[in-house]
Structure formats: structure tokens, C-alpha cells
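See below for the structure under consideration.
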């Protein structure tokens, strides 16, 4: 039996080649992850079965990583946002792994990036207020193994917050 859903091919850089229907489905899901299969199918002009198959394929291939709910931080008493730049004392695999493990256990850290340049990591931290951030900085972040230097930048306002443009 032949499937109506075409298989996504990989290019030489291990990226998946998405057609216009796949891209349209992804854009809909980025705007509303709760959209039903029927709603998506109608918007991309496919029947529900091929639409479902395409979504499942993109999930299995890791194109769709997960479904999330974006929360308004200020409405849940997390109105303070801080970008923390962290440099490590030692630069080896074991030391880096220990630092990453400690960051993964800190609920205040909502994003963590390994970066190049003067610092090794960039953290996005949210908290209730300056007092709570100070407590986090002094008693958690600066106490993590191998932390050399921390620079905190306080977010004054959000100008643009968007999703990946596919």
C-alpha cells in the first residue's frame, strides 16, 4: 500500500527538506500548538489523514521538538528577567559538564546557551524581584562548580519576542 505522505529527504548537511505543506503546518503549529488536526488540514488544503501523517513524521524526525505554553512572566510573579553571562575557571569537558548539570537543576534559569567570546554561557533567568535574584546569584549561581565570572544584565523591556521564521 502506498502512502499519500511523501517521505522527507535529508540534504547533505543533515537538514530535512520540507515542502510548502510541511512549512504551512509548522507555521500554524507555532502560532497555535492546540490547533486540531482538522483545523490544520483545512488551512493547508489537505485531508486530515495526510496532515496527521506529516505532523507525526516531523515529530519523529525531531523537526518538531515539543509543544509548549508560553507564559506571561509578570502575570505569574516572575517579572524580573536577567541575562547572565558566565565564564568558567577551567575549560575542560568534566568542568563544563558539572556546570551544565548544576544549571539544569536551577528552575530560575529558563534558557542556557553555550556561547563564544569573553564568556562561556549565556543564561536567561527569571525571578520575582531584585531580592530573589540577589539570593539566586549569591547562593546558587556563584556557588556552582567552576564559575569564574558572572555579568548580569537586567532586561528593561521586551521589544521583540518571536518564533523561528521557517
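The values are calculated or read from the model by the stated rules, or taken from the named source; none is laboratory data. It should be emphasised that the depicted structure is a prediction, and the values quoted were computed from it without experimental measurement. Note: ideal-geometry Cβ built from the backbone for every residue, glycine included; neighbour counts use all protein chains shown.
Quick grid of which residues meet (1) surrounded by 10 or more Cβ atoms within 10 Å (Cβ to Cβ); (2) in contact with a helix residue (DSSP H, G or I) (Cβ under 8 Å, 6 or more places away or on another chain); (3) touching a residue at least 40 places away in the same chain (Cβ under 8 Å):
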| site | (1), (2), (3) |
| --- | --- |
| 97 | yes, no, no |
| 111 | yes, no, no |
| 116 | no, no, no |
| 134 | yes, no, no |
| 153 | yes, no, yes |
Search result, residues across region 1-37 that are surrounded by 12 or more Cβ atoms within 10 Å (Cβ to Cβ), modelled with pLDDT under 90 and in a loop (DSSP other than H, G, I, E, B)
5, 6, 8
Taking residue 40 as the residue in question, decide whether it is part of a loop (DSSP other than H, G, I, E, B), outside the structural domain of residue 141 (by TED's automatic domain parsing), surrounded by 13 or more Cβ atoms within 10 Å (Cβ to Cβ) and in contact with a helix residue (DSSP H, G or I) (Cβ under 6 Å, 6 or more places away or on another chain).
no
Residue 142: out of contact with any strand residue (DSSP E or B) (no Cβ under 9 Å at 6 or more places or on another chain), closer than 19 Å to residue 95 by Cβ, in the same structural domain as residue 94 (by TED's automatic domain parsing) and at pLDDT 95 or above, yes or no?
no
Please enumerate the residues belonging to region 58-92 that are touching a residue at least 12 places away in the same chain (Cβ under 8 Å), part of a loop (DSSP other than H, G, I, E, B) and surrounded by 10 or more Cβ atoms within 10 Å (Cβ to Cβ).
61, 63, 64, 77, 78, 79, 89, 90, 91
Residue that is out of contact with any strand residue (DSSP E or B) (no Cβ under 7 Å at 6 or more places or on another chain), modelled with pLDDT of 95 or more and assigned by TED's automatic domain parsing to the domain that holds residue 148, where the choices are 64, 100:
100
Can you name the residue in region 48-57 that is under 14 Å from residue 24 (Cα atoms) and touching a helix residue (DSSP H, G or I) at 6+ places or on another chain (Cβ under 7 Å) and, of all such residues, is surrounded by the fewest Cβ atoms within 10 Å (Cβ to Cβ)?
52
